[in-house]
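A.B. asks: Starting off with a structure, shown below.
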């Protein structure tokens, strides 16, 4: 077997799991949607058929105070039958599933929030109410009741969420627990809450029921746990009756990235390895494990007994099966972008996946063989064109893709050159493999015009020609020191001082690209840059960030007022802004551009004339659609020419929309 450690069964005593793969908890947002449980049942069943060993659901609150937001998912008697739709589907497919019990504590987005102490979170608008002793006892009872209801609903177990800064984690650390009663003060008292939950849950559900405890092994906040406390709590949780201990990394309010693309693959398995030997039950490691090779290495080196992957199962339901069948090169790899999963959830939208729009839409975006095979031309091999081509070819159509460049990818190919976005290359690899598997005819260095296309008998032409940089009307725009962002990514020489006009996604990417020394972006610099103390000398394992300075003096400029990069990802924008601050990039808003000349970039700042004496000015002032071909064809090919992706709508570059449009059109024709 190619991955012997990954696919070794795990004997838990009363049940044996088929492999060492845990599908980690993800709140999908369907829990609150009409018809959502049916869609969740299809979603989870697809992952079981894809070979995952054990699934953990998104977080379900044990009571109203634990809601993520008003009327979000909560375990109560009236929803047991709905949850049974999920467990029945999973069991029919031959799998096993645990329900995560999550009480948000002070992270609750509603005025009923409670916590061990009345300390407001920096990321929540509501100050929590301090739980009384009776309130604590009722909350423990609610956890136990939720577990019992989960068992009644057919779940194989529960995961008790004790990390990421939620309620249980808040009891454990001095940062959020300044109580002086039996639930605060000493470590023994602070640990009482999680221990009682696990102990009483075990008493209630009996011996043959999985209890996973999600233990925060690395808080990454000041005044968090010490390593000695992590070990003590792990041992106590084992004694209380847990079957498995899962690793939790970082509080949501932590200013250290834990799951974004720039986090090295498997970058936190070291902390799970540190706990090995301290307990006798299986340990699960997690975060940024997105290929079978990384997972296998973690297990082989003894860092953990089980690997948890969450978003990789959004990207590809068949991740495990492809790995088992030695088809890892066919896996649609999670690129950790957060754009369609976590960003959606925080916007109160159901989660899906940028690289796989079918995720959580298994009952909606259904691929069936076409009743009539047709011949189709796709103009442009960016994300929209590629996703359409693969989808249509899979359904039996003859598809030809024409790309004017010498490689596929379009704007996505440029993004893959940005330090911290190297994962984007995986998506290009995936589409290349899929085109090979489904027989898509790829024509590089080819850009047929309207006459060329009309001279051939195409049943459909799909115009996915993407975007081009917006031309800026500014005196001196033709000066030799002016560069476009495609020129920068294409290898044009850039001086030691640079002004970037435009602070959207492209502007931030260019700034990051220019601020990173080529030799710098290595995994061993991640902890140093962000201040992660692997020696665990301080509570929370934090130290002072120590980034390597930028090799250039960079100005990132925007016309508008307000926060720079406000349209960046909701859950990742802060990372991009903080990284540029680390690098000393000067981010300036409310700029009026005047001209560019030998002196540099002339501008007005707060009504005062300034000159930035830069070597280069890079224009990142937006994009416009390349849709002239569509306009030339639509009259002649009425109903048979289609416009998708950036060619249809430029705006901020949106690979999520482009891929989804390609898939939807590919399923429709």
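A.B. asks: Measure out, as a whole number of angstrom, how far apart the alpha-carbon centroids of the range 248-324 and the range 633-665 sit.
C.D. replies: One Cα centre to the other: 37 Å.
A.B. asks: I would also like to ask the following. Working from Cα positions, state the angle (0 to 90°, nearest 10) between the long axis of helix 80-92 and the longest principal axis of the chain.
C.D. replies: Orientation of helix 80-92: about 70 degrees from the principal axis.
A.B. asks: For 574, 183, what ranking results if the residue with the fewest other Cβ atoms within 10 Å of its Cβ goes first? Don't skip to the end; give the middle numbers.
C.D. replies: Details: 574 15, 183 20.
Least to most surrounded, the residues fall as 574, 183.
A.B. asks: With a cut-off of 8 Å between alpha carbons and a minimum separation of six or more residues, what is the relative contact order of the range 567-669 in percent?
C.D. replies: On the way: 80 pairs, mean separation 13.8, N = 103.
Computed over the range 567-669, the figure is 13 percent.
A.B. asks: Next up: Of 270, 458, how do they rank once you tally other Cβ atoms within 10 Å and put the fewest first? Write down the numbers at each step before the final one.
C.D. replies: Working: 270 15, 458 19.
With the fewest neighbours first, 270, 458 line up as 270, 458.
A.B. asks: On a full-extension model of 0.36 nm per residue, what is the gain between residue 325 and residue 118, subtracting their alpha-carbon distance, rounded to one decimal in nm? Let's see the in-between values first.
C.D. replies: Working: separation 207, 0.36 × 207 = 74.52 nm, distance 5.28 nm.
Separation in residues times 0.36 nm, less the Cα-Cα distance, equals 69.2 nm.
A.B. asks: To continue, here is another question. Report, to the nearest 10°, how far helix 133-152 tilts away from the longest principal axis of the Cα atoms in the chain, using its own Cα long axis and a range of 0 to 90°.
C.D. replies: 70 degrees
A.B. asks: What ranking of 638, 219 emerges when the number of other C-beta atoms within 10 Å of each C-beta is taken as an exposure proxy, fewest first?
C.D. replies: On the way: 638 8, 219 28.
Result, fewest neighbours first: 638, 219.
A.B. asks: Using only the Cα atoms of the chain, build the gyration tensor, take square roots of its eigenvalues as a ≥ b ≥ c, and label the shape rounded, prolate or oblate: rounded if a/c is under 1.5, else prolate if a/b is larger than b/c, else oblate. Mind showing how you got there, number by number?
C.D. replies: Details: a/c = 2.06, a/b = 1.36, b/c = 1.51.
It comes out oblate by the Cα gyration axes.
A.B. asks: While we're looking at this one, here's another question. Can you tell me how the range 466-514 classifies by the Cα gyration tensor, rounded, prolate or oblate, using a/c under 1.5 as the rounded cut? Walk me through the numbers on the way to the answer.
C.D. replies: Working: a/c = 1.40, a/b = 1.07, b/c = 1.32.
Here the range 466-514 falls in the rounded category.
A.B. asks: While we're looking at this one, here's another question. Give the angle, between 0 and 90 degrees and rounded to the nearest 10, that separates the Cα long axis of helix 36-49 from the longest principal axis of the Cα atoms of the chain.
C.D. replies: 90 degrees
A.B. asks: Take the alpha carbon gyration tensor of the range 51-309, find the square roots of its eigenvalues, order them as a ≥ b ≥ c, and report rounded if a/c is under 1.5; if not, report prolate when a/b exceeds b/c, else oblate.
C.D. replies: Details: a/c = 1.44, a/b = 1.09, b/c = 1.32.
The shape class here is rounded.
The numbers here are math on the coordinates, done by the rules we state, and not lab data. All values derive from a computational prediction rather than experimental measurement. Here Cβ is always computed from backbone atoms with ideal geometry, including for glycine, and neighbour counts include all displayed protein chains.
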